[in-house]
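> Here it is: the structure, laid out below.
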Amino acid sequence: MKISVERSQLMTPLQVAHAVVERRQTLPILANVLIRADADGFRLSATDLEVELLIPGKLEKCLAEGATTLPARKLLDLCRATPEGTLLTIETNGERASVRAGRARFSLSTLPAAEFPGIDVKGDELPLVLSQRDLRRAIETTYFAMAQQDVRYYLNGMLLEIEGGKVRFVATDGHRMAVTDLAVEVPPDASRRIIVPRKTVVETLRILNDVDTPATLSIGRDHLILSAADVVFKSKVIDGTFPDYERVIPRNQDKTIDIDRLAFREALGRVAIFANEKYRSVRLKLEPNLLRLSANNAENEEGEEELEIEYSGGELEIGFNVSYLIDVLGALRSDTVCLQLADSGSSCLLTEPGGGPSRYVIMPMRL
């Protein structure tokens, strides 16, 4: 293989692919990226055996077609250290590859392209065509509630449930839950239910752009494939049973308030300065036409703030992890947010006034 490529044309796909490359590989070749080149350009692949990313790129010239694998980090660092606009010439010769950049020359070790692994798919996918903006927004409003390194491995990911003409995104860490619905055109009887790994969710956000250009999300029984702007992303799914999230959503809450979202978020941010660093608890006291926020810490410091609201129900005092509340208020886009409460021992349901595609459940903390 011998190709000429402009520095940015190679660095951009390398930056995307590098996040997939595992630093602690079980196989040496997983530290490499696969480059296949022909007269139409090149295609770069990276994998960690759980996910696989394929990105196309443009060449200045393909002097000899072929394929090879090169060290991902070194190749990316070399591109970063090369002046903008530099033309790189990459040529393989046996187990080595030479990279020329102007008057500079570098030698990299290679591994055979034939040994580069990929993710096999069975071709039983249910295709969903969505705008990149809508898909990205649905994930952004949900993914922050995923668990991190939980022993309940099925919580370290996001549930995708296709049923009734919509795809539902669900994430929970056992203390909070986020649910978002997105309408999609599928056959009425079509249904799928998979758990997408955290890494796949994060990488999907990196691939999707805030544009109306369509993306295809193909849901298989044990895998998914995302195709967006010529980038193809494959992933295995988590083999497990997701909790019955419907049972967690509180119903018949008798205390409801609508509050300015930004004012509530800013007030929580100020009060949170005085919250216990470990538990991050904040106290909400609901009174007629008033919401009191307060927090204190082990140094006997405290913060308190009052917000005027329209409320005529009974008094209630309840505690929450302030970070969970701030996450939800950051995910919502409406001017106001609706809080539905019952008592100090019951979960809080947060939504946009009148409903909306997203629902959030936060469990209370002991005061």
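The values are calculated or read from the model by the stated rules, or taken from the named source; none is laboratory data. Nothing here was measured: the structure is a model prediction, and the numbers come from that model. Cβ placement follows ideal geometry from the backbone for every residue including glycine, while neighbour counts extend to all protein chains displayed. Side chains are part of the model used for accessible areas, which takes the heavy atoms of the whole protein and leaves out ligands, DNA and RNA. Shrake-Rupley method; radii C 1.70, N 1.55, O 1.52, S 1.80 Å.
> Tally the residues that are farther than 15 Å from residue 141 by Cα and modelled with pLDDT under 95, restricting the search to region 353-364.
At the first step, the residues of region 353-364 found to be farther than 15 Å from residue 141 by Cα are 353-354, 363-364.
Then keep just the ones that are modelled with pLDDT under 95; that gives 353-354.
Qualifying residue count for the region: 2.
> How about region 188-212: which of its residues are surrounded by 19 or more Cβ atoms within 10 Å (Cβ to Cβ) and among the aliphatic types (A, V, I, L, M)?
194, 195, 196, 201, 207, 208
> If residue 122 meets every condition in (1) at pLDDT below 95; (2) among the basic types (Lys, Arg); (3) within 15 Å of the chain's Cα centre (by Cα) apart from one, which number is that one?
Just one mismatch for residue 122, condition (3).
> A further question follows. Of everything in region 42-58, what is touching a Leu at 6+ places or on another chain (Cβ under 9 Å) and crowded, with 16+ Cβ neighbours inside 10 Å? Give them in sequence order.
To start, the set of residues in region 42-58 that are touching a Leu at 6+ places or on another chain (Cβ under 9 Å) comprises 42-49, 53-57.
The answer is 42, 43, 44, 45, 46, 47, 48, 53, 54, 55, 57.
> Of all residues in region 161-176 being open to solvent by 10 Å² or more (accessible area, probe 1.4 Å) and in a strand (DSSP E or B), which is nearest to residue 366 (Cα to Cα)?
176
> If a residue has to be more than 22 Å from residue 198 (Cβ to Cβ) and either in contact with a Leu (Cβ under 6 Å, 6 or more places away or on another chain) or open to solvent by less than 10 Å² (accessible area, probe 1.4 Å) (or both) to count, how many in region 17-31 make the cut?
1
> In region 92-102, is there at least one residue being at positive phi, loosely packed, with under 14 Cβ neighbours inside 10 Å, free of Cβ contacts under 8 Å to residues at least 24 places away in the same chain and not in a strand (DSSP E or B)?
Start the filter on region 92-102 by keeping residues that are at positive phi, which leaves 94, 102.
Subsequent filtering for residues that are loosely packed, with under 14 Cβ neighbours inside 10 Å retains 94, 102.
Now narrow it down to the ones that are free of Cβ contacts under 8 Å to residues at least 24 places away in the same chain: 94, 102.
Add one more test, that the residue is not in a strand (DSSP E or B), and what stays is 94, 102.
Within region 92-102 (the criterion being at positive phi, loosely packed, with under 14 Cβ neighbours inside 10 Å, free of Cβ contacts under 8 Å to residues at least 24 places away in the same chain and not in a strand (DSSP E or B)), the answer is yes, since at least one residue qualifies.
> For region 236-245, check the following and say yes or no: at least one residue is loosely packed, with under 14 Cβ neighbours inside 10 Å, over 20 Å from the mean Cα position of the chain (by Cα) and closer than 26 Å to residue 146 by Cα.
yes
> On to the next question. Do we find a residue being within 18 Å of residue 235 (Cα to Cα), open to solvent by 10 Å² or more (accessible area, probe 1.4 Å), touching a residue at least 24 places away in the same chain (Cβ under 8 Å) and over 12 Å from the mean Cα position of the chain (by Cα) anywhere in region 138-147?
No, because not a single residue in region 138-147 is within 18 Å of residue 235 (Cα to Cα), open to solvent by 10 Å² or more (accessible area, probe 1.4 Å), touching a residue at least 24 places away in the same chain (Cβ under 8 Å) and over 12 Å from the mean Cα position of the chain (by Cα).
> Could you tell me how many of the residues in region 266-284 are surrounded by fewer than 17 Cβ atoms within 10 Å (Cβ to Cβ) and among the basic types (Lys, Arg)?
2
> Next up: In region 59-86, which residues are open to solvent by 40 Å² or more (accessible area, probe 1.4 Å) and under 29 Å from the mean Cα position of the chain (by Cα)?
Within region 59-86, 73, 74, 77, 80 meet the criteria.
> Still on this model: Going through region 1-16 one residue at a time, which ones are out of contact with any helix residue (DSSP H, G or I) (no Cβ under 6 Å at 6 or more places or on another chain), of a type outside the set (Gly, Ala, Ser) and open to solvent by 20 Å² or more (accessible area, probe 1.4 Å)?
The answer is 1, 2, 6, 9, 12, 15, 16.
> Follow-up question, since we're still on this one. For region 342-352, enumerate the residues that are within 21 Å of residue 168 (Cβ to Cβ) and either of a type outside the set (D, E, K, R) or modelled with pLDDT under 95 (or both). Don't jump to the end; show me each part of the working.
Looking only at region 342-352, we keep the residues that are within 21 Å of residue 168 (Cβ to Cβ), and these are 347-352.
Passing the criteria: 347, 348, 349, 350, 351.
> Looking only at region 3-24, which residues are assigned to a strand (DSSP E or B) and either farther than 22 Å from residue 39 by Cβ or among the charged types (D, E, K, R) (or both)?
Kept after step one, since they are assigned to a strand (DSSP E or B), are these residues of region 3-24: 3-6.
Across region 3-24, the qualifying residue is only 6.
> Looking at (1) open to solvent by 20 Å² or more (accessible area, probe 1.4 Å); (2) within 14 Å of the chain's Cα centre (by Cα), which is the only condition residue 151 fails?
All conditions pass for residue 151, except number (2).
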